[in-house]
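Please treat every number below as a calculation from the coordinates, not as lab data. From a predicted model like this one, the values you see are computed outputs, not experimental measurements.
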Amino acid sequence: MLRLLTCVGALLLLPKVASSQIDQGEERIKAFCIDFNWGPSGFATPGMYAQASPSKHLAWYRALGVNTIQTFCVSCPGYAWYRGEAAPVQPGMQGDFLKEIAELGHADGMKVMGYFCIGANTYWDETHPDQSHRFPSAISIPFTRDYLDYLAKVIPEALEKTAIDGFMIDWVFNGSHFYPDKQYAWLDCEKQMYQELFGVPFPGDDAMTAERIQEFNRRALDRCWATIRDAAKTAKPDCIIWLSCYDLEHPQVVGSKLLEEVDWLMNEHPDAAKLDAARRAVGPRTRLIQCLSGWGGKHDAAAFIHDDRFRDVGLYGFIKPDLDTTLPVEGATGDAANIAALREAFNAP
């Protein structure tokens, strides 16, 4: 199975590109997400937060002091928060949530970003059972041509039908033999992917060593990133593609075009050293962000915010919403102190 690179090994593999800095006059990113991905146990069920009001959400974000709202194009269950055709619409959604909150946010001078979970989509699992390992609420999807065709349709549709400034991509990992503690069988679609990526037939299970699996996954991710980038930039050349990554030292992403070319790059892991390691991998215009809320208090937002080493890095947090109000209940999680620290930083003069 894949072995995660150590920090030192990752640093040796990273290309030497100048680290990103905030341009003169460019405001620090202050972003937050009321997270529709998750319910009480695993991914949210379709329609779980469909009653969400764009105006009430905008008011909450405004009080928090953000300059960037991160909400959803398609959340992990696989349903869209805008009215389109490429993905099923969130059941029971009133109005056109993403389009409306983007318009409200822009009127308040904010950026509004959507979201796609690349490595997991429950609706895809259900409708394409032969193209998924079908692990509930986990990374499951091999990046087949059919799946890339779906991304190439849904991404431009979301950009064209709403006023969003761009979108976050999350769990950008090819789902083939991803988890070391799970049992896998090679799917026929993955064998076809092998032929496409290597130009030779799938060599059989015994020939798929850890090193060969790693190379297969890296090539699959590179192809997926090219699809995402081209679909987005063709539809809206100035859109922002924002990568959230919980392991910037993972072999699939270290040294990849994804890290080098993405517009915004966020370390979700509480250890900011992982973000420091990635500084040398990004392009000269990539903006860096650190997640500071959402892992049940494992982050230390106050310490990061006041650390001069990271004064050029954007700030971000997320929290699950209340099932009835669809707004956060901050005291119900271990992140209350982190959100308080973000609120103070976001509203500081």
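At a glance:
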{"read-out": "Partners for LYS320 among aspartates and glutamates (Cα-Cα distance below 13 Å; same-chain residues under 8 apart left out)", "value": "ASP35, GLU330, ASP335"}
{"read-out": "Residue with peak Gaussian network fluctuation, the chain [Cα springs, cutoff 10 Å], from ALA158, ALA107, ALA277", "value": "ALA107"}
{"read-out": "Principal-axis tilt of helix 54-64 within the chain, Cα atoms, nearest 10 degrees", "value": "80 degrees"}
{"read-out": "Cα centroid separation, the range 88-127 to the range 42-74 (Å)", "value": "9 Å"}
{"read-out": "Too-long pairs where the Cα-Cα distance tops 30 Å, listed order kept, from LYS99/LYS274; LYS56/LYS161; LYS30/LYS182", "value": "LYS99/LYS274; LYS30/LYS182"}
{"read-out": "Qualifying aspartates and glutamates (Cα of each under 16 Å from Cα of LYS233; at least 8 residues distant if same chain)", "value": "ASP149, GLU157, GLU160, ASP165, GLU260, GLU261, ASP263"}
{"read-out": "Folded to 0 to 90 degrees: helix 188-198 orientation relative to the chain principal axis, Cα", "value": "80 degrees"}
{"read-out": "Degrees separating the helix 210-235 axis from the principal Cα axis of the chain, which is the longest one", "value": "50 degrees"}
